[in-house]
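Worksheet for the structure shown next.
The values are calculated or read from the model by the stated rules, or taken from the named source; none is laboratory data. Please read all numbers here as calculations on a predicted model, not as lab measurements. Cβ placement follows ideal geometry from the backbone for every residue including glycine, while neighbour counts extend to all protein chains displayed. Protein only, heavy atoms only, side chains kept; ligands, DNA and RNA dropped before computing areas. Shrake-Rupley method; radii C 1.70, N 1.55, O 1.52, S 1.80 Å.
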Amino acid sequence: MEKIYVDHAASTPIDERVITTMIEAMKNQYGNPSSIHSFGRDARKLLDEARQTLAQTIEAKPNEIVLTSGGTEANNLAIFGYARANKAKGNHIITSAIEHHAVLDACKQLEKEGFRVTYLPVNKDGYITKEQVEENMTDETILIAMMHANNETGVIQPANEIARLAKEKNIAFHTDAVQTYGVLPISVKEMQPTMMAVSSHKINGPKGIGFLYVKEGTKLIATFAGGEQEKKRRPGTENLPAIAGFATAAKVALEEREQRGSFYQHLTDSFVSALKEEEVPFQINGDANHRVPHIVNIYFPWTTVESFLVRLDFAGIAASSGSACTAGSLDPSHVLTAMFPEEGRAQSSVRFSVGKGNTKEEMEYIAREIKKMMKTI
Amino acid sequence: MIYLDNSATTKPWPEVLEAYQKATQTYFGNPSSLHRLGTEADTLFQKARQAVAKLLGAHTEEIIFTSGGTEGNNLAIKGIAFAYQTRGKHLITSTVEHPSVLEAFRYLETLGFEVTYVPVDQEGRVNPRHVEEAVREDTTLVSIVHVNNEMGTIQPIEEISRRLKKYPKLFFHTDHVQGVTHVPFSFRDIGVDLCTISGHKFHGLKGTGVLVKRKGIRLSPLFHGGGQEFGVRSGTENVPGMVALAKALRITRERQRETKEKILTGKKRLLEALQTLEGAVINTPVKDSAPHIVNVSFPTLKPEVIIQALTKKGIHVSTKSACSSKENQPSAVIEACGLGKERAESAIRISFSVDTTEAEVEELITQLRMIIPEMRKVMGVAK
């Protein structure tokens with residue numbers, strides 16, 4: 001049986017070149033980068049180079065990169081770190097209803113600590129508008145947290161416009177770029193966010209590593225207390241092999257970005273065409289013209305997502321109902337529920353996310369299998 | 001090349017690297033995904049959890065995987081302080097903790113918590129009676145390091161634990177990061193409520209660690225999100241990292257039994273040599289100290305210079321904790337022991353691993369015997 005992985009938005013297989021970098025670092029640069037002997041200095045050198053590489057991928061300065069244990073930690077550090085450090089300026093935060101749980105749950109926690117949070121609703125196309133943000137800004141607003149592209153629908157948000165608006169009004173802007181990093185061109189010089197979260201295992205890098213871009217001069221309260229690492233913004237012995245692996249993955253992603261982007265677009269487009277050809281009834285969730293190339297979220301009327309996924313799995317196809325990070329829960333997707341509050345669409349929708357290794361033939365095979373499944377419903 | 005800074009970090013074992021590589025290539029799915037690649041990754045992850053639980057003497061659901069020692073210590077300390085703050089806002093720790101413990105308490109002080117820092121004796125040891133005397137009606141947490149990372153002093157964790165059992169409203173955490181490798185204990189037997197370990201101190205990988213948390217204890221999380229790790233630690237699980245950690249811990253336990261005598265002999269040999277080396281003052285206590293750490297001061301000499309001289313001979317040792325070695329300040333731990341500024345400013349730490357050989361220890365002794373008298377002559381402290 002074929003084994004087809006179309007859940008790259010959840011996690012990706014690691015690139016061979018990344019493994020080589022990591023194993024090399026584990027074997028040879030195993031010193032603690034804070035140690036002053038030569039093992040430590042070798043490790044420090046590798047760390048500095050990796051940070052430089054990562055900074056270059058988004059046109060940031062090396063000291064603006066705070067390495068974390070992943071996307072959740074980076075998003076948490078941005079939200080908690082900024083809000084708690086700047087609460088003297090105001091207590092209002094604006095975010096959206098479709099953020100990843102790493103942002104949403106951090107905001108919910110801040111509400112318990114006395115902050116007021118506005119969760120902007122989305123339209124049926126799956127995005128927030130700059131006008132919505134503008135209407136909800138008050139004198140108390142200190143932070144706007146808006147994802148770059150949604151992880152379930154792939155819909156790209158107007159992060160650039162909102163970043164500009166925030167800058168004009170002197171409000172901090174954080175964007176969760178976990179799904180767009182390595183896929184869309186990102187320059188912090190252009191977008192000018194205050195903070196931006198990125199994760200390695202979504203771009204064929206290792207799990208357990210990510211970074212938060214923090215614009216120079218931004219005040220944060222760290223999540224961890226401890227040593228001097230990451231300029232006290234993130235103490236803890238640096239996870240050097242993973243950092244080096246992440247830098248390799250980022251470099252590769254940057255070099256191959258355009259080529260990968262058009263290939264992923266081709267794959268998801270082929271999938272949609274194949275579904276049409278097979279005459280499967282379906283609708284794409286969210287604005288199909290403003291989505292990242294690797295994610296497509298599809299509504300299949302009359303299906304229930306759980307059994308649909310199980311049957312896909314039997315056919316060797318790994319897709320998902322939405323974010324994997326809801327820790328295996330089968331709660332309906334909060335993103336689709338926000339987009340279609342009246343309909344039961346969340347219970348009948350599946351996310352397909354493509355990546356390295358997928359082929360057009362696989363996409364057509366999936367469409368045929370879905371056709372077979374629909375017949376028996 | 002002789003690496004004697006194993007308290008800072010250890011070299012990952014080849015078997016550990018293999019385990020990591022295999023897991024990352026074959027089980028790359030997100031363990032929270034419901035499809036087969038996800039469930040396979042989850043199965044492997046839960047196996048790692050079971051193995052770690054068994055090796056540490058804990059229940060499976062008491063194992064919380066973290067990104068390392070700093071996170072484990074922070075999660076335990078802030079997690080308890082915040083979760084139980086309606087019960088009280090008083091906390092107890094010692095003056096010789098790792099920065100990830102000390103700084104966490106200092107941060108809590110800025111938020112209105114009150115912290116008692118129990119002093120230590122000249123060997124760097126807290127008196128269990130003093131710990132108990134510090135307990136108040138509103139104390140919610142006591143955190144004492146198991147093995148001090150600079151001196152190697154073993155704290156009387158079991159006795160403190162026994163004394164604290166009388167106060168069921170407070171929790172006892174120990175930073176076991178330096179202890180787990182050579183001074184292991186069973187979580188259940190020792191009777192602590194929370195215990196932190198870090199993978200890269202026992203030939204596992206950086207970025208991996210465990211907080212053991214007794215069943216039924218609530219923790220306020222540091223990370224909020226998808227609710228992984230029983231809701232206490234959100235974030236996609238680092239499956240290969242934890243598989244590697246489980247492997248490293250298992251090998252460590254096996255090899256620890258085999259090499260216990262060898263390390264003890266090496267330490268004894270080094271201590272004997274240092275006792276007869278003019279200008280050397282041993283800081284590590286003779287009794288009740290970890291077998292892998294020797295801390296020694298060379299008053300009036302600069303430790304950086306000694307380290308450099310040893311580096312030239314291919315031997316790598318350190319001054320104090322790597323986490324604070326960037327600042328050119330005297331060791332806070334040795335100062336806390338009341339051993340004076342001179343000793344605190346001139347300390348070096350030598351730390352062994354199970355792979356350290358007798359010949360390597362001999363080479364270190366030979367080099368010290370040449371370097372130290374030479375430097376003392378230059379400094380004018382010896383004829």
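Counting only GluC sites (Glu not before Pro) that sit in a DSSP loop (anything but H, G, I, E, B) with at most 13 other Cβ atoms within 10 Å, what is the longest stretch of chain B containing none of them?
In short, B:138-277.
Just from its helices, what would the mean residue ellipticity at 222 nm be for the protein assembly as shown, if runs of 4 or more DSSP H residues each count -39500 (n - 2.57) and the sum is divided by every residue, rounded to the nearest 500 deg cm²/dmol?
Details: 24 runs with 314 residues, N = 760.
When only DSSP H runs of four or more count, the value is -13000 deg cm²/dmol.
Please list the non-local residues whose amide H lies under 5 Å from the amide H of A:A145, H modeled 1.01 Å from N, same-chain partners needing a gap of 5 or more.
Amide H to amide H, under 5 Å and 5 or more residues apart or across chains, A:A145 pairs with A:I94, A:T95, A:H174.
With angles folded into 0 to 90 degrees, how steeply does helix A:101-112 sit against the dominant principal axis of chain A? Use alpha carbons for both and round to 10.
Value to nearest ten degrees: 60.
What residues have an amide H closer than 5 Å to that of B:F172, excluding those fewer than 5 places away on the same chain, when H is modeled at 1.01 Å from N in the peptide plane?
B:V142, B:D193, B:L194
Using a simple spin-label model with points 7 Å from Cα along the Cα→Cβ vector, what separation in nm is obtained for A:K189 and A:Q265?
Roughly 2.4 nm, to one decimal.
Using unit Cβ charges (K, R positive; D, E negative) and no other charged atoms, how large, in debye to the nearest 20, is the dipole of chain B about its Cα centre?
380
Quick one: helix A:360-375 against the long Cα principal axis of chain A, what's the angle to the nearest 10°, folded into 0 to 90?
Roughly 50 degrees between the two axes.
For the range B:172-292, what is the charge dipole size about the Cα centre, in debye to the nearest 20, if Lys and Arg each add +1 at the Cβ and Asp and Glu each add -1 at the Cβ?
With only Lys, Arg, Asp and Glu charged at Cβ, the dipole is about 300 debye.
Counting protein heavy atoms only and a 1.4 angstrom probe, how many square angstrom of accessible surface do chains B and A bury in total, to the nearest 100?
Looking at B and A, the buried total is near 5300 Å².
Counting only protein heavy atoms and using a 1.4 Å probe, what share of the accessible area of chain A belongs to carbon plus sulfur, as a whole percent?
Of the solvent-accessible surface of chain A, carbon and sulfur hold 48 percent.
What ³J(HN,Hα) values, in whole Hz, does the Karplus curve 6.51 cos²θ - 1.76 cosθ + 1.60 give for the range A:220-230 when θ = phi - 60°, with x put for Gly and Pro?
Result, ordered by residue: 9, 9, 5, 6, 9, 9, x, x, 8, 4, 6 Hz.
Assuming R0 = 60 Å, can you tell me the calculated FRET efficiency for the pair B:D138 and A:K360, based on Cβ-Cβ distance, to the nearest 0.05?
It comes to 0.35.
Counting Lys and Arg as +1 and Asp and Glu as -1, each charge on the Cβ, what is the dipole of the protein assembly as shown about the Cα centre in debye, to the nearest 20?
On the way: 91 positive and 90 negative charges, 345 e Å.
Magnitude of the dipole: close to 1660 debye.
Return the residues of the range B:1-24 for which accessible area with all protein chains present is lower than in the chain on its own by 10 Å² or more; set the probe to 1.4 Å and exclude ligands, DNA and RNA.
So the qualifying set is B:M1, B:Y3, B:D5, B:A8, B:T9, B:K11, B:P12, B:L17, B:Y20, B:Q21, B:T24.
Give the angle, between 0 and 90 degrees and rounded to the nearest 10, that separates the Cα long axis of helix A:240-277 from the longest principal axis of the Cα atoms of chain A.
20
When chain B is treated as a GNM, springs tying every alpha-carbon pair under 10 Å, which of B:S33, B:S353, B:S100 comes out with the largest mean-square fluctuation?
B:S33
In sequence order, what are the phi-derived ³J(HN,Hα) couplings for the range B:120-136 according to the Karplus relation 6.51 cos²θ - 1.76 cosθ + 1.60 with θ = phi - 60°, rounded to whole Hz, with x for glycine and proline?
Listing the rounded values in order: 10, 7, 5, 8, x, 10, 7, 8, x, 5, 5, 4, 5, 5, 7, 5, 10 Hz.
With helices defined as uninterrupted DSSP H runs, which ones in chain B have an alpha carbon span along their own long axis of at least 15 Å and mean Kyte-Doolittle hydropathy of at least 0.5?
none
If the label point is 7 Å along Cα→Cβ of A:E255, which residues in the range A:48-70 have backbone nitrogen under 16 Å from it?
Once the point is set 7 Å along Cα→Cβ of A:E255, A:50, A:53-54, A:56-57 turn out to lie under 16 Å by backbone N, inside the range A:48-70.
Multiply the residue gap between B:K287 and B:M379 by 0.36 nm, knock off their C-alpha separation, and tell me the result in nm, one decimal place.
Working: separation 92, 0.36 × 92 = 33.12 nm, distance 3.28 nm.
Extra length available between B:K287 and B:M379 comes to 29.8 nm.
Anything losing 40 Å² or more of accessible area from the isolated chain to the full protein assembly: pick those residues out of the range B:220-267, probe 1.4 Å, ligands and DNA/RNA ignored.
Correct list: B:L222, B:F223, B:H224, B:G225, B:G226, B:T236, B:N238.
Please work out the FRET efficiency for the pair B:V305 and B:Q275, using the Cβ-Cβ distance as r and a Förster radius of 22 Å; give the result to the nearest 0.05.
Values: r = 22 Å, r/R0 = 1.02.
FRET efficiency, B:V305 to B:Q275: 0.45.
Could you point to the residue in B:S94, B:T9, B:F65 farthest towards the positive end of chain B's charge dipole, with +1 and -1 charges on the Cβ of Lys/Arg and Asp/Glu respectively?
B:F65
What net charge do the residues around B:S318 carry, taking every other residue with its C-beta under 11 Å from that of B:S318, with Lys and Arg at +1 and Asp and Glu at -1?
Every neighbour counted, the sum reads -1.
Tell me which of A:V272, A:F300, A:M147 sits at the most positive position along the dipole axis of chain A, charges placed on C-beta atoms (Lys, Arg +1; Asp, Glu -1).
A:M147
Between the range B:130-161 and the range A:170-229, what's the alpha-carbon centroid distance in Å?
Result: 38 Å between the Cα centres.
Convert each backbone phi in the range B:111-117 into a coupling constant with the Karplus relation 6.51 cos²θ - 1.76 cosθ + 1.60 (shift: θ = phi - 60°), then list the ³J(HN,Hα) values in order as whole Hz, x for Gly and Pro.
9, x, 7, 10, 10, 9, 9
Averaged over B:197-208, how many beta carbons belonging to a partner chain fall within 10 Å of each residue's beta carbon?
Averaged over the peptide's residues, the number is 5.
What's the FRET efficiency of B:E18 with B:K313 using the Cβ-Cβ distance as r and R₀ = 45 Å, to the nearest 0.05?
Using R0 = 45 Å, I get an efficiency of 0.85.
What residues of the range A:88-104 lie in the reach of a label at A:M137, counting those whose backbone N is under 18 Å from a point 7 Å from the Cα along Cα→Cβ?
Only A:89-96 pass the distance filter.
Note down the net charge around A:A102, summing +1 for each Lys or Arg and -1 for each Asp or Glu among other residues with Cβ under 10 Å from its Cβ.
-4
Could you tell me which of A:P121, A:L67, A:L77 has its Cα farthest along the dipole of the range A:16-252 towards the positive end, charges placed at Cβ (Lys, Arg +1; Asp, Glu -1), taken about the Cα centre?
Toward the positive end, the furthest listed residue is A:L67.
Could you pull out the trypsin sites (Lys or Arg not before Pro) across the range B:285-377 that fall in loop regions by DSSP (anything but H, G, I, E, B) with no more than 11 other Cβ atoms inside 10 Å?
Within the range B:285-377, the qualifying trypsin sites (Lys or Arg not before Pro) (loop, at most 11 other Cβ atoms within 10 Å) are B:K287.
Averaged per residue, what accessible area in Å² does the range A:16-252 show with a 1.4 Å probe, protein chains only?
33
Could you list which residues have their amide H under 5 Å from that of B:I315, counting only those 5 or more apart in sequence or on another chain, with H placed in the peptide plane?
Those qualifying (amide H under 5 Å, at least 5 residues apart or on another chain) are B:I2.
Over the range A:16-252, what is the mean sequence separation of C-alpha contacts under 8 Å (at least six apart), divided by residue count, expressed as relative contact order in percent?
28
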